[in-house]
Amino acid sequence: MKRVEIGIFGRMNAGKSTLMNLLTQQETSIVDPTPGTTADHKITLFELHGIGPCKLFDTPGIDESSKLGQKKRQKVIQTLKECDLVIITYPSNIKECRVENELISLAIKFKKHFIVIQNRINGIALENNNILLNHTDKQFISADLRQRENRGNLLELIENHVNHEKANKLLPFLKRHHSYLLIIPMDEETPEKRLLRPQNMALEEITRNWAYAITFRLDLKKAREGDKRERDRLVNFTQQIPNLDVVITDSQAIDIVHDWLPNSISLTTFSIMMIQHATQRLSLFYNGIKKWQRVKSHEKVLICEACNHSRIQEDIGTIQIPKILLKKNPDIQIDFSFGREFEELSIEQYDLVIHCGGCMISSQKLNRRIIDLERFNIPITNYGIFLSWAKGQDALDRVIEPWTE
Ligand code: SF4
């Protein structure tokens, strides 16, 4: 489920956990005057009136100077990059706002919506509020966070600053009463009793929009062996579909489907659909592969999967893509990262990152990865775009075309 991600940030003893408890109306976080009480992030899922499903983060203070404190600080900054709304809170009894100003600068740097909440200690508001930089009165409130009656005003401030943009459409090209063919090659890796998340999402979106979703199970093994009957089965089936608008295929079948179906049929892949849905930056992934083409040999490529799924012999990420890369350039060094491993990597060492569709992580997490890569100017592409590019420029142009209308 798509949730708005809201993070509470500040120095130690700023009242972050008190604010968390006030917003969630329960003792979600331990509140204690001992500095550093919040040892790690606390996460609460809840529904906010006017906003909808939310994920609220209570974070440790970023001013803890110990070695452990530095580690916590790094994690807090990573969380800030993911948030849709950054809440910076501070106590009214402080003399300077160095920590708060740093948080405001980070929020601005990472283009985050943010608000500032002064936690009134003993009911006293800090008068010299202008020592806080770069925020407007509309982004600011002063309140005693222990008082329940302040919850309404705080929620109103939060609601006013959450990005209320409508969720991105999964398939913006859908036309009412048109047909969409989903090509799904099932193998030993395919889980039983359910489709994969991108396939399910496409089915739901097509049906919801009064269009027709049709699925086709392709025998990829036979197709790769050049089985004529498998080819005829797909081609003949496709010819019978009325008003066929776009075919969406699993990325690993793009080479087959591109060859077998005439160019008059629009074609794209599930992983391109996912990456565009999560980031709205398909051109970044397209330009990523274009940019990389110009790099000389001995480069390092990172293949990145957002989850840890069981792998079969012809696994796309660990077998198929490396085969193509090494064929193009045997000197390439290929590394892999699965699930959370990405967060631990020194990504600056890579010349290209090839990312999966990212269907198992939130769009906020995926976008945070992009922020990190852009910092080092590292090209990023994804499975669908890479495999289409490997097939040739005409295949690449073809899978991008449905998204350019
Ligand atoms: S997160 Fe990536 S690797 Fe995992 S199932 Fe989704 S697309 Fe595949």
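The values are calculated or read from the model by the stated rules, or taken from the named source; none is laboratory data. All values derive from a computational prediction rather than experimental measurement. Here the Cβ positions follow ideal geometry from the backbone for every residue, glycine too, while neighbour counts run over all protein chains shown. Side chains included, ligands, DNA and RNA excluded: accessible areas come from the protein's heavy atoms. Shrake-Rupley method; radii C 1.70, N 1.55, O 1.52, S 1.80 Å.
Looking at the range 321-384, the chymotrypsin sites (Phe, Trp or Tyr not before Pro) that sit in a DSSP loop and have at most 15 other Cβ atoms within 10 Å of their own Cβ are 376. Between residue 25 and residue 160, the FRET efficiency from the beta-carbon distance, with R0 = 25 Å, is close to 0.80. Can you find, among 310, 364, 389, the residue farthest towards the positive end of the dipole of the range 281-391? Put +1 on the C-beta of Lys and Arg, -1 on that of Asp and Glu. Final value for the positive-end residue is 389. Computed over the chain, the per-residue total of -39500 (n - 2.57) for DSSP H runs of n ≥ 4 gives a 222 nm mean residue ellipticity of -10500 deg cm²/dmol, rounded to 500. By the rule of a C-alpha distance below 28 Å, with chain neighbours fewer than 8 residues away ignored, the lysines paired with residue 327 are 221, 222, 228, 290, 291, 296, 300, 391. The calculated FRET efficiency for the pair residue 109 and residue 397, based on their C-beta separation and a Förster distance of 30 Å, comes to about 0.25.
For the chain, a simple Cβ point-charge model (Lys and Arg +1, Asp and Glu -1, everything else neutral) yields a dipole of about 240 debye relative to the Cα centre. Please compute the net charge surrounding residue 62, taking Lys and Arg as +1 and Asp and Glu as -1 over other residues with Cβ under 9 Å from its Cβ. Result for the neighbourhood of residue 62: 0. For residue 142, the residues 5 or more places off, or on other chains, whose built amide H falls under 5 Å of its own are 118. For the range 211-219, the Karplus equation 6.51 cos²θ - 1.76 cosθ + 1.60, evaluated at θ = phi - 60°, returns couplings of 10, 10, 9, 10, 10, 9, 8, 9, 8 Hz by residue, with Gly and Pro reported as x. Pairs of Cα atoms nearer than 8 Å and 6+ residues apart set the relative contact order; for the range 281-391 it is 40 percent. Of the trypsin sites (Lys or Arg not before Pro) found in the range 273-308, those that fall in a DSSP loop while having at most 11 other beta-carbon atoms within 10 Å are 294, 296.
Stretching residue 134 away from residue 333 to a fully extended chain increases their span by 67.2 nm, per 0.36 nm per residue minus the current alpha-carbon distance.
With protein chains left intact and a 1.4 Å probe, residues in the range 259-338 average 47 Å² of accessible area per residue.
With semi-axes defined as the square roots of five times the eigenvalues of the C-alpha gyration tensor, the equivalent ellipsoid of the chain measures 47, 24, 17 Å, largest first. Legend: residue pairs 42/71; 95/138; 55/112; 138/365, Cα-Cα distance threshold 25 Å; pairs beyond threshold, 138/365. Cut-off 16 Å, label point 7 angstrom out along Cα-to-Cβ of residue 344: give me the residues of the range 49-80 whose amide nitrogen falls inside. Answer for the range 49-80: 71-72, 75. Measuring nothing but protein heavy atoms, the accessible surface of the chain at 1.4 Å probe radius is 49 percent carbon and sulfur.
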